[in-house]
Amino acid sequence: MKIAIVHDHLGFRGGGERTVLLLALRLNADFITAYAHPDTFSEYQKKLGPRLAPLSNKIIGVRVVRFFWLRYLFWNNRELFKKYDLLIASGQTATEAVANYAKKTAVKIVYTHSTPRRVFDQYELSRNMYPMYLRPAYAAFARFWKWLYLRAVKKFDINIANSENVRKRIIAHTGGDASCVIWPPILTAEFKWRGQGDYFLSWGRVDEAKRVELIVKAFKKMPEQKLIVASGGPRLEIVKKIAEGAPNITVLGWIDDEKLKELAGRCRAAVYIPIDEDAGITHLEANAAGKPYLGVREGGLVESTVDGETGILIKADPGEEDVIKAVKTMTSEWCQSRRKICEDHAKKYDAEVFMRRLEKVVSDNNPERPVLGVDASRSENPKYPGEGRRTGVEVYSKNLIDCLIPAAKKAGIRLRLYAPYTLKNLPSEIQKVIPAKRNWTRRALAGELKYSPPDYFFTPAYYIPKNAPKNSFAAIHDVIFKSNPKKYSFFERLAQSYALNRNLKRAKKIISISEYSKSEIIKWCSVPLDRIAVIPMAYTPKKNLSRNKKRKNQIIFIGRLEKKKSIDILIKAFYEFKKGHAGWNLVLAGKPGYGYDGLLALISRLNLQNQITLTGYLEEEKKWRLLAESAILVHPSADEGSSITLFEAWDARTPAIVADIPVMRENGKDAALFFAPGNKNDLADKMSSLCGNDNMRSSLIEKGTASLYDLSWTKAAEDILGIILK
């Protein structure tokens, strides 16, 4: 496997430069960059030797010119990128280059130090820095830059944020998400306690973002407190001018690493108050040397500081008085007492921790292992993102995907889960978030499959989009909209027909969830027998579920309240049942669907408003509580592709009455009571029989509970994976 680290340029000694140089050495990777200044970590450059590939010997510093010049350099050497199987981009120009020039089969990873904030949250601030006559030009330039970045970042397989702070920016600015957060490496072995001096030390780069000028101004008002500034940058001369006439302040500019480590190891504390820092390294280097630091409640410092222990965080957007007040609390005794806490804290960010986590990302994404892409967008209801709402199709998707994760790992393949937003209960490192507000499958997912095609593709609940590989597979739950179209609205039939046709056209093999569904697919779609495989619906019993022994005189239905579920038959049967069973109630638990108004009219016409409860959509906890306190579950639908509700009734120890249809017979066997589909009188009779027969109730519960142990999502996932990889 040929690996390349691609970084914008090695123009100065920064945390990002050191991070990627160390990574290249650890991974034995080539290092591609626009140019390499000899003073930028020369020791690492020497170790890389011929693996360091600068694209130019020139250095251009003019901002706008450099923007286009850097991109030209990478474009002019675009064929170079096609040599590599895995590329890690660092920096915004490098991000664009890897996204656009790497070969399609290469694994593309971006280590995001930050998004280009000048075109996002700092756009107004940046634009206002220019004269009025140049602002329209900057606005056009910013739109172009933003387009370049967003177009590039969506093509990456893995996006690693260097802090939770940067991860939030990725979400806010791109609509996507980071696959994981890996903090930049801290060389804890090189920053050590060397004694307790009487000075504070600042070694953050001297530019407008680090507030070094503010630090110097504050110390100028504290002649009794010593400060050493051991860094350089574009505002160094301004800092020197501010410090003039202050014998307590020494401005050294850039110094070599050994002298810096000596100063850090002997200072009283560090001072580091950058503006909304992406992550930050300086304060953790101070901690590694056993020193607390004076920081600011902004950016990455908030998440990497134990306030009052490893450092003191002053308020955001601080003034000189805030710095002065904090310095005076950081006495020599207080600082020295934090030594062990600081050293232990820094170990969490040690370079070895960083390297092992990056190595795992690289190992897990080895391009020699095939990729199975899975449409995970239906693992919860897409109309209610992040709320965990699920109907039968979403329950199927979620449970199957949960078990595909370990099955894929066992099989030695990479799993890539596609979704329009981050799915909270699934590992983020295998998710590919593709933001889109409309036409997600048809446009966003299809585009992803074009730019970064997997070896295999599977959709457990929707349809196979354009650009999917030839080895694509789809689960088709039922074709009831064809066998009984009157139970669906025109638009529902249109949508389901479109999805079905896409799957019939593009699927190498179709997964059916029951023998009955298989027979219906063959009947209505003329699909060859050998093109369909049956992997039965599975179930995982709930742990710690309250299963009441004493039940209310209550019958419950769970599912969408719509015409195709035969809810009207249940209501009419309940009306007949009530004539001999006063005091019983019916609960219809589910969100309204097609034909709901007709059900309300029927309830009113039969005067059952006080005996029938309409709950609307139920959260899982409430659903299970209602199911566990009900005496009977009735599922009257005459057309079903699955039987999840029956499994849930068994799990809750609630006897079930279901329509005598093939899929229920196939799964229910002798563990449910069956009634003639569409026959209200037969259903009323079965309800009467079951409510007064304890032996029958106990028998059904016992048989249903035993049947649950034959159902396994793990087996279903392994069987589907076997079909895909065959």
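Among the residues of segment 510-519, the ones that are under 20 Å from Ile464 (Cβ atoms) and over 37 Å from the mean Cα position of the chain (by Cα) come to 0 in all. For segment 383-397, residues that are modelled with pLDDT of 85 or more, surrounded by fewer than 22 Cβ atoms within 10 Å (Cβ to Cβ) and either basic (Lys, Arg) or in contact with a Pro (Cβ under 8 Å, 6 or more places away or on another chain) (or both) total 0. Within segment 310-324, if we keep just the residues that are among the charged types (D, E, K, R) and surrounded by 14 or more Cβ atoms within 10 Å (Cβ to Cβ), the residue that is nearest to the chain's Cα centre (by Cα) turns out to be Asp322.
Filter the helices (runs of 4 or more DSSP H) completely within segment 626-726 down to those with at least 1 residues that are buried (at least 20 other Cβ atoms within 10 Å of the Cβ), assigned by TED's automatic domain parsing to the domain that holds Glu562 and under 38 Å from the mean Cα position of the chain (by Cα).
On the way: elements: 644-651, 662-668, 680-691, 694-708, 713-725.
In segment 626-726, 644-651, 662-668, 694-708 are the helices (runs of 4 or more DSSP H) which contain 1 or more residues that are buried (at least 20 other Cβ atoms within 10 Å of the Cβ), assigned by TED's automatic domain parsing to the domain that holds Glu562 and under 38 Å from the mean Cα position of the chain (by Cα).
Name the residue that is farthest from Arg416 (Cα to Cα), counting only residues in segment 154-168 that are out of contact with any His (no Cβ under 9 Å at 6 or more places or on another chain) and in a helix (DSSP H, G or I). It comes out as Asn165.
If you go through segment 11-43 and keep only what is more than 34 Å from the chain's Cα centre (by Cα) and outside any strand (DSSP E or B), you end up with Tyr35, His37, Pro38, Asp39, Thr40, Phe41, Ser42, Glu43.
Here are Leu415, Leu426: which of them is buried (at least 16 other Cβ atoms within 10 Å of the Cβ), part of a loop (DSSP other than H, G, I, E, B) and aliphatic (A, V, I, L, M)? So the residue among Leu415, Leu426 that is buried (at least 16 other Cβ atoms within 10 Å of the Cβ), part of a loop (DSSP other than H, G, I, E, B) and aliphatic (A, V, I, L, M) is Leu426. The residues in segment 45-72 that are under 21 Å from Ala142 (Cα atoms) and either of a type outside the set (Val, Ile, Thr) or within 35 Å of the chain's Cα centre (by Cα) (or both) can be counted, and the count is 10.
For (1) in contact with a Phe, Trp or Tyr (Cβ under 9 Å, 6 or more places away or on another chain); (2) touching a residue at least 24 places away in the same chain (Cβ under 8 Å); (3) within 20 Å of Ala209 (Cα to Cα); (4) among the small types (Gly, Ala, Ser), each residue gets a yes or a no:
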{"position": "Ala106", "(1), (2), (3), (4)": "yes, yes, no, yes"}
{"position": "Thr112", "(1), (2), (3), (4)": "no, yes, yes, no"}
{"position": "Met129", "(1), (2), (3), (4)": "yes, no, yes, no"}
{"position": "Tyr138", "(1), (2), (3), (4)": "yes, no, no, no"}
{"position": "Leu150", "(1), (2), (3), (4)": "no, yes, no, no"}
{"position": "Leu187", "(1), (2), (3), (4)": "no, yes, no, no"}
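Which residues, counting only those in segment 117-145, are among the acidic types (Asp, Glu) and surrounded by 13 or more Cβ atoms within 10 Å (Cβ to Cβ)?
Initially, segment 117-145 is screened for residues among the acidic types (Asp, Glu), giving 121, 124.
Correct list: Asp121 only.
Residue-by-condition table, conditions (1) modelled with pLDDT of 95 or more; (2) in the same structural domain as Ala376 (by TED's automatic domain parsing); (3) touching a strand residue (DSSP E or B) at 6+ places or on another chain (Cβ under 8 Å):
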{"residue": "Thr441", "(1), (2), (3)": "yes, yes, yes"}
{"residue": "Leu445", "(1), (2), (3)": "yes, yes, yes"}
{"residue": "Pro454", "(1), (2), (3)": "yes, yes, yes"}
{"residue": "Ile464", "(1), (2), (3)": "yes, yes, yes"}
{"residue": "Lys470", "(1), (2), (3)": "yes, yes, no"}
{"residue": "Ala475", "(1), (2), (3)": "yes, yes, yes"}
{"residue": "Tyr488", "(1), (2), (3)": "no, yes, no"}
{"residue": "Phe491", "(1), (2), (3)": "no, yes, no"}
{"residue": "Lys523", "(1), (2), (3)": "no, yes, no"}
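Within segment 169-188, the set of residues being surrounded by fewer than 20 Cβ atoms within 10 Å (Cβ to Cβ) and in a strand (DSSP E or B) comprises Cys180, Val181. Among the residues that make up segment 208-225, is at least one of them charged (D, E, K, R), assigned by TED's automatic domain parsing to the domain that holds Lys104, in a loop (DSSP other than H, G, I, E, B) and touching a strand residue (DSSP E or B) at 6+ places or on another chain (Cβ under 8 Å)? Looking for residues that are charged (D, E, K, R), assigned by TED's automatic domain parsing to the domain that holds Lys104, in a loop (DSSP other than H, G, I, E, B) and touching a strand residue (DSSP E or B) at 6+ places or on another chain (Cβ under 8 Å), one finds none in segment 208-225, hence no. Cβ-Cβ distances below 6 Å connect the following pairs, each with a first residue in segment 64-78 that is in the same structural domain as Ile32 (by TED's automatic domain parsing), a second residue that is modelled with pLDDT under 95, and a separation of six or more residues or different chains: Arg66/Ile60; Trp69/Ile60.
Check whether at least one residue in segment 352-367 is outside any loop (DSSP other than H, G, I, E, B), assigned by TED's automatic domain parsing to the domain that holds Phe473 and crowded, with 17+ Cβ neighbours inside 10 Å, and report yes or no. Checked against the condition, which is being outside any loop (DSSP other than H, G, I, E, B), assigned by TED's automatic domain parsing to the domain that holds Phe473 and crowded, with 17+ Cβ neighbours inside 10 Å, segment 352-367 yields no hits at all.
Restricting to segment 586-643, give me the number of residues that are among the charged types (D, E, K, R) and farther than 29 Å from Ser483 by Cα. Spell out the reasoning first.
Residues of segment 586-643 among the charged types (D, E, K, R): 591, 597, 605, 619-623, 625, 629, 639-640.
In the following step, the residues that additionally are farther than 29 Å from Ser483 by Cα were identified as 605, 619-623, 625, 629.
Qualifying residue count for the region: 8.
Scanning segment 405-437 for residues that are touching a Lys or Arg at 6+ places or on another chain (Cβ under 9 Å) and among the basic types (Lys, Arg) returns Arg414, Arg416, Lys432.
Of the candidates Gly197, Gly204, the single residue that is in contact (Cβ under 8 Å) with a residue 24 or more places away in the chain, surrounded by fewer than 21 Cβ atoms within 10 Å (Cβ to Cβ) and part of a loop (DSSP other than H, G, I, E, B) is Gly197.
The values are calculated or read from the model by the stated rules, or taken from the named source; none is laboratory data. The shown structure was predicted, so the numbers you read here are calculated from the model rather than taken from an experiment. Cβ atoms come from the backbone with ideal geometry, glycine included; neighbour counts cover every protein chain shown.
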